Amino acid sequence: RDLHSFPTRRSSDLMGDSGTKMFFFGTYNHNIDDKSRCTLPQKFREKLGSKVYVTKGYDHCLYIYPEETFLKIADEYSSMDELSPEERQNRRMFFASSIDYDVDKAGRITLTKDHLKRANLDKEVVLVGNGDHVEIWSRAQYEDMDKTADENFERNAQIIAASKKKID
């Protein structure tokens, strides 16, 4: 096993309770209220369930996972090599930044100060579906990232296609 490998998910890991693949998609603008509550978009709530797991994501956002998906990922992190500094650091960051939240009757989660700080979240946020998870971004950071991703979209597609050809 590669010492620098990190947990990756396959489309088979996205199976919902009904046996169909579960994907989150779409972009929603929301606000965090004065009590640090963030409303989850209605379209995400059914798939997420009444308990969600939030952890530090890449690019300065937070990842929200349904329980079943989070537990699969946590199992992968648990099997990381403790002797590898990179894997040990990544494992520690994943578990240290992970918190389970109950979704209230209004479809909200109350984010901790640590989570707000880690993702630089203030009042205006963007929730983005990204396959097996939902991301929470500060609106300003999301707009910057989205602009860059849009500008690089075709070039990135070409690079990805070329790297897949090398594997085949």
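Assorted remarks:
- Failed criterion for I160 (all others in (1) at pLDDT below 95; (2) of a type outside the set (D, E, K, R); (3) within 18 Å of the chain's Cα centre (by Cα) hold): (3)
- Checking I32 against (1) modelled with pLDDT of 95 or more; (2) of a type in the set (A, V, I, L, M); (3) within 14 Å of the chain's Cα centre (by Cα), the condition it does not meet: (3)
- Count of residues meeting criterion [crowded, with 21+ Cβ neighbours inside 10 Å and over 15 Å from V103 (Cβ atoms)] in the stretch 42-61: 2
One line per residue, one yes/no per condition, for (1) modelled with pLDDT under 95; (2) more than 27 Å from L116 (Cα to Cα); (3) of a type in the set (S, T, Y); (4) in contact with a Ser or Thr (Cβ under 8 Å, 6 or more places away or on another chain):
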| position | (1), (2), (3), (4) |
| --- | --- |
| F6 | yes, no, no, no |
| S18 | yes, yes, yes, no |
| F23 | yes, no, no, no |
| T27 | no, no, yes, no |
| Y53 | no, no, yes, yes |
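- Scan of the stretch 109-131 for residues that are charged (D, E, K, R) and touching a strand residue (DSSP E or B) at 6+ places or on another chain (Cβ under 7 Å), ordered by number: R118, D122, K123, E124
- Taken together, the residues in the stretch 62-76 that are free of Cβ contacts under 8 Å to residues at least 24 places away in the same chain and crowded, with 19+ Cβ neighbours inside 10 Å amount to 0.
- In the stretch 80-102, the residues that are among the small types (G, A, S) form Cβ pairs under 9 Å with partners that are open to solvent by 80 Å² or more (accessible area, probe 1.4 Å), at six or more places apart or across chains, as follows: S84/L3; S84/H4.
- For D81: the one exception among (1) at pLDDT below 95; (2) exposed (fewer than 14 other Cβ atoms within 10 Å of the Cβ): (2)
- Where helices (runs of 4 or more DSSP H) fall wholly inside the stretch 85-168, the ranges with 2 or more residues that are open to solvent by 50 Å² or more (accessible area, probe 1.4 Å), in contact with a Ser or Thr (Cβ under 9 Å, 6 or more places away or on another chain) and of a type in the set (D, E, K, R) are 113-118.
The values are calculated or read from the model by the stated rules, or taken from the named source; none is laboratory data. Keep in mind the model is a prediction, meaning the values are calculated, not measured. No Cβ is skipped: glycine too gets one built from the backbone with ideal geometry, and neighbour counts run over all protein chains shown. Accessible surface areas use protein heavy atoms only, side chains included; no ligands, DNA or RNA. Shrake-Rupley method; radii C 1.70, N 1.55, O 1.52, S 1.80 Å.
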